[in-house]
Amino acid sequence: MNSYPMIIQGGMGAGVSSWRLARAVSQLGQLGVVSGTALDAILARRLQDGDPGGHMRRGLDNFPFPKMAERIWQAYYIPGGKPKLASYKTLPMHTVIGLRELRELSIVANFVEVFLAREGHGNPVGINYLEKIQLPLLPCVYGAMLAGVDYVLVGAGVPLKIPGVLDQFTSHESAMYPLDLADAQEGGKGTISFAPRDYMECDLPPLRRPKFLAIIASNTLATTLVKKANGCVDGFIVEGSTAGGHNAPPRGKLQLSPSGEPVYGERDIVDLTKLLALNLPFWLAGGYASPEKLREALAAGAAGIQVGTAFAFCAESSLCDDYKHALLNLAVSGQARVITDPIASPTNFPFKVALLEGTLSDPDVYSARPRICDLGFLREAYRTADGSIDFRCPAEPVSIYVSKGGKLEDTQGRKCLCNALVANIGLPQVRNGKHIEKGLVTSGDGLAEISRFLPANASAYCAADVLSHLLNG
């Protein structure tokens, strides 16, 4: 009997698919997925806001290493929350060696998010990571596994070494991960390492290995993963170019439409017949949020579908209410618009952007924001003239980026996704007591059709409404 979920709720943004959303979906028998992006910063800011509801404290109380949990609590918790216009504490950025305090925060934050998503039911929960964010990846995965995560989903890169990491962490053994270096020659990668036993306060039994699902956009990547991954690949999520967040670049030479968006063609369509030949389950994503498309996916041999945008705007998602309601209203009135911006993301991957006044999609808001890079999750690593590894981001101040060997033309139109995505969930940094970071909402092309999930005479909907519509039509 097939034990796989028919519907996977996508891991979205930084904290949009939070523990609340993932738990709601998993409780209803499908796969809820938390986003693993920037969870260290998110936990630190939730604690500085006074931990409304006491949920972070509850997660910390269940963490297996109480001294580490207490260090996190003492470092960041502010009773009653910080003043509204006070700044959040600036965290140090991740490095190759890894500061212990930041690695501890990453372990704990991923544990707490998965623990809360799994609380109160016995159904599977997943976590989603961007392979592009490599520096904190190992402690993050270990923290999620400590909480018993059932699925690890990884996209935005080539995650050949993730299966081996999962295997090593089941027995709390050390793991290594290759670090991509900009402009490096073949074999010129760096290396990140993480030893769980350096952080354990007591012996623990072996951990359960989660299933690994690779997020792909080509048959070539699927075949490469099956043949060359350093461990078991358990399945694939096939994301088309209409999905939200980062999209795979078009294959071949980049061509832009008259509106400036990347043009995708036949080469960018995954051949499902070839995918079926790999004998692994797969889910189709990007434009599949309807009962008709679900049936189409199943008829094509898929185990089911992954749905993101429909869940991003439901009541349980952590997208801030102002953005959620404004875009839902635009969708209802037929005015919602999503573009694929080829240059917004520092990663060089095309990035889906929902156009909304008051966010960084507004040219006036973008031009008024000082170029600041103080979270640094999407920085790229490069080797300096003396052979050491440093980091740069095309969204940081132009002079600094160029001084690090970056090209001036690569800075044009780049947006600070790190600060914007955290602002999307109501945790914006405040600067000088007055400047509040603005968000940049990502969404799939399905935004225009999310009104289908609204119950009659309602102005909002919940995760159960999405699942009911998809499963029952």
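For beta carbons closer than 7 Å, sequence separation of 6+ or different chains, a first residue in region 323-334 that is over 12 Å from residue 443 (Cβ atoms) and a second that is at pLDDT below 95, the qualifying pairs are 332/451.
Across region 427-473, the qualifying residues are those that are of a type in the set (Gly, Ala, Ser) and in contact with a His (Cβ under 9 Å, 6 or more places away or on another chain), and the one among them that is farthest from residue 312 (Cα to Cα) is 459. Being touching a helix residue (DSSP H, G or I) at 6+ places or on another chain (Cβ under 6 Å), β-branched (Val, Ile, Thr) and in a helix (DSSP H, G or I) is the requirement here; does residue 108 meet it? Here the answer is yes, as residue 108 does meet what is asked. Here is the figure for region 214-251: residues that are over 23 Å from residue 444 (Cα atoms) and either at pLDDT below 95 or not acidic (Asp, Glu) (or both) total 12. Put simply, of 293, 352 the only residue that is surrounded by fewer than 23 Cβ atoms within 10 Å (Cβ to Cβ) and either of a type outside the set (Gly, Ala, Ser) or within 22 Å of the chain's Cα centre (by Cα) (or both) is 293. A single entry from 244, 286, 240, 301 fulfils the requirement of being small (Gly, Ala, Ser) and surrounded by fewer than 18 Cβ atoms within 10 Å (Cβ to Cβ): 301. A residue that is touching a residue at least 60 places away in the same chain (Cβ under 8 Å), within 16 Å of residue 181 (Cβ to Cβ) and outside any strand (DSSP E or B) occurs nowhere in region 416-429.
Residue 371 fulfils the conditions (1) touching a Pro at 6+ places or on another chain (Cβ under 7 Å); (2) crowded, with 20+ Cβ neighbours inside 10 Å except for a single criterion, (2). Here residue 437 fulfils each of the conditions (1) under 23 Å from residue 285 (Cβ atoms); (2) modelled with pLDDT of 95 or more; (3) of a type in the set (Asp, Glu) apart from (1). Within region 361-402, being among the acidic types (Asp, Glu) and farther than 14 Å from residue 419 by Cβ holds for 362, 364, 380, 386, 390.
For region 72-81, the criterion of a residue being crowded, with 18+ Cβ neighbours inside 10 Å and over 23 Å from residue 103 (Cβ atoms) is satisfied by no position.
Every test in (1) more than 22 Å from residue 248 (Cβ to Cβ); (2) touching a residue at least 40 places away in the same chain (Cβ under 8 Å); (3) surrounded by fewer than 23 Cβ atoms within 10 Å (Cβ to Cβ) is passed by residue 174 save one, and that test is (2).
Just one of the listed residues (49, 40) is surrounded by fewer than 23 Cβ atoms within 10 Å (Cβ to Cβ) and over 18 Å from residue 125 (Cβ atoms), and it is 49. For residue 137, state whether it is within 15 Å of the chain's Cα centre (by Cα), surrounded by 23 or more Cβ atoms within 10 Å (Cβ to Cβ) and either at pLDDT 95 or above or of a type in the set (Lys, Arg) (or both). Yes; evaluated as a whole, the condition is true for this residue.
Residues in region 115-134 that are buried (at least 19 other Cβ atoms within 10 Å of the Cβ), assigned to a loop (DSSP other than H, G, I, E, B) and among the charged types (D, E, K, R): 131, 132.
Within region 295-316, the set of residues being under 15 Å from residue 128 (Cβ atoms) and in a helix (DSSP H, G or I) comprises 309, 311, 312. Restricting the first residue to region 72-88 and requiring it to be in contact (Cβ under 8 Å) with a residue 12 or more places away in the chain, which pairs with a second residue that is surrounded by fewer than 15 Cβ atoms within 10 Å (Cβ to Cβ) meet a Cβ separation below 6 Å and a spacing of at least six or different chains? That search, which allows pairs on different chains as well, returns 85/433.
For every residue, the table says whether it meets (1) of a type in the set (Asp, Glu); (2) in a helix (DSSP H, G or I).
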residue: 14; (1), (2): no, no
residue: 23; (1), (2): no, yes
residue: 33; (1), (2): no, no
residue: 40; (1), (2): yes, yes
residue: 47; (1), (2): no, yes
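Scanning region 360-410 for residues that are under 21 Å from residue 179 (Cα atoms), over 19 Å from the mean Cα position of the chain (by Cα) and of a type in the set (Phe, Trp, Tyr) yields 382, 391, 401. The set of residues in region 61-103 being part of a helix (DSSP H, G or I), touching a Pro at 6+ places or on another chain (Cβ under 8 Å) and of a type outside the set (Lys, Arg) consists of 101, 102. Here is a check on your reading of the model: is residue 248 touching a Leu at 6+ places or on another chain (Cβ under 9 Å), more than 21 Å from residue 136 (Cβ to Cβ) and part of a loop (DSSP other than H, G, I, E, B)? Taking the combined requirement at face value, the residue satisfies it.
All conditions in (1) under 20 Å from residue 344 (Cα atoms); (2) under 21 Å from the mean Cα position of the chain (by Cα); (3) touching a residue at least 60 places away in the same chain (Cβ under 8 Å); (4) in a loop (DSSP other than H, G, I, E, B) hold for residue 413, with the sole exception of (2).
Only one entry of 336, 326, 344 meets the criterion of being buried (at least 20 other Cβ atoms within 10 Å of the Cβ) and either more than 22 Å from the chain's Cα centre (by Cα) or in a helix (DSSP H, G or I) (or both), and that entry is 336. Filtered by the rule that a residue be touching a strand residue (DSSP E or B) at 6+ places or on another chain (Cβ under 7 Å) and charged (D, E, K, R), region 349-388 gives 352, 379, 380, 383.
The values are calculated or read from the model by the stated rules, or taken from the named source; none is laboratory data. Everything numeric in this text was worked out from a predicted model, so none of it was measured. Heads up, the Cβs are rebuilt from the backbone with ideal geometry, glycines too, and the neighbour counts pull from every protein chain shown.
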